[in-house]
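These notes concern the structure reproduced below.
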Amino acid sequence: MLAHIQKWGNSQGIRLPKQLLKDSGLQVGATVELLEKDGTIVIQPAEGTRGRYSLADLVARIPKGERAGEEAWGKPEGREEW
């Protein structure tokens, strides 16, 4: 598969075909790591990037008995309606 390096503003870029992304398990918006190995450019998924979480999964991780309280922010400084 051939591609051309193109100038985009002050950067250079390569368009990746949709099928190539699908075959590699990547998607638009994914964070990747760029490496140079022996004169070859390697694009690979970045390790340790944040995944997508559901609200239910996040709430399930809150320790039992944990209660959020109100915070005192002081007197209004402007036209806040507290």
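The values are calculated or read from the model by the stated rules, or taken from the named source; none is laboratory data. Bear in mind the structure is a predicted one, so any value in this text is a computation, not a measurement. Ideal geometry is used to build each Cβ from the backbone, glycine not excepted, and the neighbour counts take in all protein chains shown. Heads up: the accessible areas ignore ligands, DNA and RNA and are worked out on the full protein's heavy atoms, side chains in. Shrake-Rupley method; radii C 1.70, N 1.55, O 1.52, S 1.80 Å.
Before moving on, here are some points about what is shown:
- Farthest toward positive dipole pole in the chain [+1 Lys/Arg, -1 Asp/Glu at C-beta], among Gly69, Leu16, Leu34: Leu16
- Applying the Karplus relation 6.51 cos²θ - 1.76 cosθ + 1.60 with θ = phi - 60° to the range 59-75 yields 3J(HN,Hα) values of 5, 5, 8, 6, x, 4, x, 6, 10, 7, x, 7, 10, 8, 9, x, 6 Hz, where x marks Gly and Pro.
- In plain terms, the chain from Ile41 to Met1 could stretch by 12.9 nm, reckoned as 0.36 nm per residue minus the Cα-Cα distance.
- Sparse packing (at most 11 other Cβ atoms within 10 Å of the Cβ) combined with a DSSP loop state is found for the following trypsin sites (Lys or Arg not before Pro) in the range 2-35: Arg15.
- Listed candidates (1) 65, 36, 28; (2) 72, 18, 15; (3) 62, 38, 26 - label of the one calculated as Cα extents along the principal axes in Å: (3)
- The chain - percent relative contact order, Cα under 8 Å, separation 6 or more: 12 percent
- Simple point charges give the picture: +1 on the Cβ of Lys and Arg, -1 on the Cβ of Asp and Glu, and for the chain a dipole about the Cα centre of about 360 debye.
- Close amide H pairs (under 5 Å, H built 1.01 Å from N) link Val32 with Ala46, residues at least 5 positions away or on another chain.
- Here the accessible area is traced with a 1.4 Å probe on the protein chains. For the chain, carbon and sulfur cover 52 percent of it.
- Per residue, the range 9-82 exposes 104 Å² of solvent-accessible protein surface, assessed with a 1.4 angstrom probe and all protein chains in place.
- Loop sites in the range 1-76: chymotrypsin sites (Phe, Trp or Tyr not before Pro), DSSP, at most 12 other Cβ within 10 Å: Tyr53, Trp73
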